[in-house]
1. For region 38-60, which residues satisfy the criterion of being among the hydroxyl-bearing types (Ser, Thr, Tyr) and in a helix (DSSP H, G or I)?
2. Restricting to region 335-373, give me the number of residues that are farther than 17 Å from Leu395 by Cβ and part of a helix (DSSP H, G or I).
3. Could we say that Asn244 is open to solvent by 60 Å² or more (accessible area, probe 1.4 Å) and either in contact with a His (Cβ under 7 Å, 6 or more places away or on another chain) or more than 30 Å from Ser173 (Cα to Cα) (or both) here?
4. Can you name the residue in region 247-267 that is open to solvent by less than 50 Å² (accessible area, probe 1.4 Å) and of a type in the set (Val, Ile, Thr) and is also nearest to Leu114 (Cα to Cα) among such residues?
5. Within region 279-298, can you find the residues that are open to solvent by 30 Å² or more (accessible area, probe 1.4 Å) and assigned to a loop (DSSP other than H, G, I, E, B)?
6. Out of contact with any helix residue (DSSP H, G or I) (no Cβ under 8 Å at 6 or more places or on another chain), at pLDDT 95 or above and not β-branched (Val, Ile, Thr): which single residue out of Trp106, Trp74 fits that description?
7. Give, as residue ranges, the helices (runs of 4 or more DSSP H) completely inside region 148-259 that count at least 2 residues that are within 23 Å of the chain's Cα centre (by Cα) and of a type in the set (Gly, Ala, Ser).
8. Within the group Leu394, Leu351, which residue is surrounded by 16 or more Cβ atoms within 10 Å (Cβ to Cβ) and either under 27 Å from Thr57 (Cβ atoms) or at pLDDT 85 or above (or both)?
Amino acid sequence: MSSATVAKPPAKQPAPGRRRISLPVLLLVIAGVLVLTSVVRLITDANGITSTGQMSTALRLAVPIGLAGLGGLWAERAGVVNIGLEGMLILGTWFGAFAGYQWGPWVGILFGILGGALGGLLHAIVTVTFNVNHIVSGVAINILALGVTRYLSTFAFEGKEGGTSKQSPPVDSLGEFSVPGLSDWLQDLNDKHWFLVSDLAGLFGGLFTNLSPLTVIAIAMVPLSWWVLWRTAFGLRLRSCGENPVAAESLGVNVYKYKYLAVIISGGLAGLGGAFLSLVASNIYLEGQTGGRGYIGLAAMIFGNWMPGGLALGAGLFGYTDSLKLRGGGTNVHALLLLLAILLVIGAAYLVWRKRYVPAAITAAVSALMFAWYGLTDEVPNQVVTATPYVVTLLVLSLSAQRLRMPKADGQPYRKGQGT
């Protein structure tokens, strides 16, 4: 078998109903959603749904989800399922806060990465070397991380000013910055509430306003990961381990080494997300502050079809819905009910065009319920606002399930030399 076999596997014809969405079509869909959102904003007068502050908050909440998902991407592209992302996030929050309190936030970032990488190393030893079930290992790491951080906190934080067995003393801030001129200009445009123009200004304004240096680093990790995994020989070998490790080994690839590296990098990225939570989002370690973001990051990775760009889009969506409970939640979520109802109408029409009449009828019925909910209420209860990110997670996974294509050997046991 030549190296070209791994580099360029034979093209497969997509199955009926599972055609891959091209980039122009995807961009057209995103543009359509933006236009509809602007229309809904004008109808409902809920200007907060596309405000600069809303988008800035959404970005801050999306970063740890995106980093966790990016960590999962690295591991699963090498064939290792990483359910332990939540535990690696927890380790990142604790080690980041501990070192940040002792030696400053930048050292805290480094220790957060190392803490998450330590969890990744443990996961790699258990799954790659000892071939333990990946799900069992990941769940065990999540439980272990909770216990270890609670135990360490009693020694490191108790008795310190503001510290207890469940939280650290305050950590110095990394600081924030806005892009001079551009940030103020976009804010002014957003405040005018013009159709579409102000909405786009709010979207981009969130990317240039009140940024942490760590946010910029986190955003840069997305294109960097894409370039390493899809444009370098290292990335090709790593991905071949997740597609066909036996073929990769026959070509001289050290499969164990690449799996170890991928899972350690995975843990480091999740640890960086944890450090973001304790050093940027709150300037303190607090037990339970990850709030299941490791699992949502895994969902974002699946939603993005194991690709960095799709993952970033999913993380942004989850971050946006999470930000609703912090900024005008009841009113903004109520306005988004109208947007959801309109999207469901469009979805029902598409299903009718595809001659799938039963799903179309169900979709139309749900759309009618959304219209009724919007028309009969002025805002939604706080409980619904709190549950919105998790409901969105379930919805996007169920709607995108028909187009997913995971690495072929993802989660499968592998022993060195098994192909001989």
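The values are calculated or read from the model by the stated rules, or taken from the named source; none is laboratory data. Just so you know, these numbers come straight off a predicted model, no measurement behind them. As a convention, Cβ positions derive from the backbone with ideal geometry for all residues, glycine included, and neighbour counts pool all protein chains shown. The protein model used for the area step is the full one, side chains on, heavy atoms only, and it has no ligands, DNA or RNA in it. Shrake-Rupley method; radii C 1.70, N 1.55, O 1.52, S 1.80 Å.
1. Narrowing region 38-60 to residues among the hydroxyl-bearing types (Ser, Thr, Tyr): 38, 44, 50-52, 56-57.
Hits for region 38-60 are Ser38, Thr44, Thr50, Thr52, Ser56, Thr57.
2. We begin by selecting, within region 335-373, every residue farther than 17 Å from Leu395 by Cβ; these are 335, 349, 352-358, 360-361, 368, 371-372.
Filter once more, keeping what is part of a helix (DSSP H, G or I): 335, 349, 352-353, 357-358, 360-361, 368, 371-372.
Residues flagged as farther than 17 Å from Leu395 by Cβ and part of a helix (DSSP H, G or I) within region 335-373 amount to 11.
3. Numbers: open to solvent by 60 Å² or more (accessible area, probe 1.4 Å): yes; either in contact with a His (Cβ under 7 Å, 6 or more places away or on another chain) or more than 30 Å from Ser173 (Cα to Cα) (or both): yes.
So Asn244 passes the test.
4. Val263
5. Correct list: Ser282, Asn283, Ile284, Glu287, Gly288, Gln289, Gly291.
6. Working: Trp74 fails: out of contact with any helix residue (DSSP H, G or I) (no Cβ under 8 Å at 6 or more places or on another chain).
Just a single option satisfies the conditions, and that option is Trp106.
7. Numbers: elements: 182-191, 197-205, 213-231, 233-243, 245-250.
Qualifying helices (runs of 4 or more DSSP H): 197-205, 213-231, 233-243.
8. Numbers: Leu394 fails: surrounded by 16 or more Cβ atoms within 10 Å (Cβ to Cβ).
Step by step, each of Leu394, Leu351 is checked, and only Leu351 is surrounded by 16 or more Cβ atoms within 10 Å (Cβ to Cβ) and either under 27 Å from Thr57 (Cβ atoms) or at pLDDT 85 or above (or both).
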